[in-house]
Amino acid sequence: MEKVIQSLLEAFQQDQDLTELPEAEAFEAFAAYCVLSSYYNDPFNPDAYRTGGSNDLGIDAYAVLIDGELYRDPTEVRAAMQQRRRPQVQVVIIQAKTSSKFETKVISDLAENLGHLCGAESIPYEVSADVENLRGCLDAIYGNSAQLAGQLPQLHVRYVTTGDQVSDMVHRKARSAERHLDRLNRFETTDVLCVNWRDLRELYKQATSTVRVTVPVPKQFAVPAAPGVEQSFVGLVAATELVRTILDDGSGKLRENLFESNVRAFQGYNPVNSGIRDTLRDPEKRQRFAVMNNGITIVTRKMDRVGDDFVLDDFQIVNGCQTCHVLFHERDQLTDHVFVSVHIVHSVDEDVIQGIVAATNQQTPVSDEDLAARQDFHKELEDFFTLGRDKPHQLFYERRAKQFSDRKDVEKTRVISRAQLSRAYLAMFLDEPSGVGRFQDLIKARGKELYVTGQPPILYYTAAATWYRLEWLIRNQRLNRGYRPTRFHLMALIRQRLVGSVQLPANGRAATKECDKILKVIWNAEAAEKLVVHELLPVIQRAIDAEREAGVPLGEAVRNERFAERARRELTSSTGR
């Protein structure tokens, strides 16, 4: 294996606590992390997206993205599709080999297999459970064709090796594979790309660091000083420069992770976005683009100015997601006479930043969960998770995307995002282990019970620690990965088994006393494994068996309250608690 990649792989295994995986499997997880991170910005467990086993049709990892959210389970995909009116769907397929060369046969075989898998007919081969899962995801996507009237899914296939040169023959075979998959008429766009070790190194760099760009703003003026704002400028940027320096990730793809704070994903070509596109396609109207369009707002935590060049580091586009997507799609229409109005705000005050996010998105309904990061409670949680704790008991609450990406001292498996923490708390302390599968609906119903000033932070820390331990058990193969869909139910059962089902007290001292009973077990790997694998897993399995007899697959079973109630009763009957 190329030495640079070998070094990065070893660092990755340490960061992700995957040191016990064989090299080939670790490389699959590494490739999944690098590729998927270019589409998704929040923390995720890359090992969960590997297929593993035989009969995988050459697919080593896969994911489905719906409006920028990452999915792997057909039931979750189906629910996500039902919740959205015109979803933007991307299917990412990864084949990863430690080989130092690219083989045309690998591409041909993968294209043929994907043709069967993604087509409307049944698969003519025996396939693994993971591949059946992927087919289930595709069926869920195409299950309601009316939702896809705006745009079909995009298919991204990545063939990753540690090789350097991609021969002309391999390039031609990749183009042939694209044409083969295009003929299925199932995808809006299809791209089959070979990722060599240099590409992989760059993807890993992007995944583990914030974006840094230099953009020329020749026409600008400074905005008067304001509390919490270091500097602020309003100016005009050439649309071509905006696309080249900010939007393009260097490989011809849009940097989707720049829009994490924008609240709205790209809405497709609705009347407004179609109007923007029509303007850019009109030779006369596009010269008036700067006065016809509201432009974009960029918030950056680091900024240097050298003449008319603005060097931005750790930034987000908090308003203008729709404009940026259309500009990128229509980049071939742009000329030197097309300009975009840009507001650049330099601030390190998180309250100010989140206030800007809220204010610039007022045209869109913004949920309480989306804006909760403005609350002081989140700062308190961030400190509570780390300060005064010895290293084995430290966790890192990520209030903003890639907050800890540059911290070499932070084990990435100990970082928990707000969405992950919300799910963990809802499952463990609000008795909603089945509801977290319908996360957006659950947030609408119970979001006001999250992150409330005065709630004991120890409850959130305990939920996060339990989440971490269950993921640790799966990563280290103490708990079969097939039980991953039940992890929220296991969290609820851990709470029930150790402290009972009653609501934990709102008083900080009393809550700490109860949570300490849980943490004493959770932070002891041997005790946690004994509890989960030997005591609770048989309870979960009986609930799984009962649902299976009724014809309900696991992915659907874990999303209904009947499963949760059955698991509670089974635990009570077996332990008396």
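Helices that extend 24 Å or more along their long axis by alpha-carbon positions and average at least -1.0 on the Kyte-Doolittle scale are, among the DSSP H runs of the chain, 457-475. Let me have the 222 nm mean residue ellipticity of the chain computed from DSSP H runs of 4+ only, each contributing -39500 (n - 2.57), with the sum over all residues rounded to the nearest 500. Taken over the chain, the calculation gives -13000 deg cm²/dmol. Scoring 487-498, 451-462 by mean Cβ neighbours within 10 Å over their residues and listing the highest first yields 487-498, 451-462. Report the label-to-label distance for GLN333 and GLU526 in nanometres (one decimal), using points 7 Å from each Cα along the Cα→Cβ vector. Once both label points are built, they end up 6.7 nm from each other. Region 172-250 has equivalent-ellipsoid semi-axes of 39, 18, 12 Å, by the square roots of 5 times the alpha carbon gyration tensor eigenvalues, sorted largest first. Expressed per residue, the C-alpha convex hull volume of region 234-329 stands at 108 Å³. When the C-alpha to C-alpha distance is required to be over 28 Å, the pairs from LYS448/LYS530; LYS101/LYS408; LYS105/LYS253; LYS253/LYS412 that qualify are LYS448/LYS530; LYS101/LYS408. Considering only Cα atoms, the convex hull volume of region 1-102 works out to 119 Å³ per residue.
Placing a pseudo-label 7 Å from each Cα along the Cα-to-Cβ vector at ASN270 and GLN503 gives an inter-label distance of 3.7 nm. Counting every C-alpha pair in the chain, the share spaced more than 32 angstrom apart comes to 49%.
About its Cα centre, the dipole of the chain is roughly 820 debye, where the only charges are +1 on Lys and Arg Cβ and -1 on Asp and Glu Cβ.
Listed from fewest to most Cβ neighbours within 10 Å, the set GLU69, GLU514 follows the order GLU69, GLU514.
For TRP472, TRP467, the sequence from fewest to most other C-beta atoms within 10 Å is TRP472, TRP467.
Using C-alpha pairs under 8 Å with a sequence gap of at least 6, the mean separation divided by the residue count of the chain gives a relative contact order of 12 percent. Taking chymotrypsin sites (Phe, Trp or Tyr not before Pro) across region 86-176, the ones in a DSSP loop with at most 14 further Cβ atoms lying within 10 angstrom of their Cβ are TYR125. Net length available on complete extension from ARG399 to THR386 is 3.3 nm, with 0.36 nm assigned per residue and the Cα-Cα distance removed.
For the pair GLU202 and ALA11, a Förster radius of 22 Å applied to the C-beta separation gives a FRET efficiency near 0.90, rounded to the nearest 0.05.
Coordinate-derived values only; no laboratory data. Remember, predicted model here, so these are calculated numbers, not experimental data. Here Cβ is always computed from backbone atoms with ideal geometry, including for glycine, and neighbour counts include all displayed protein chains.
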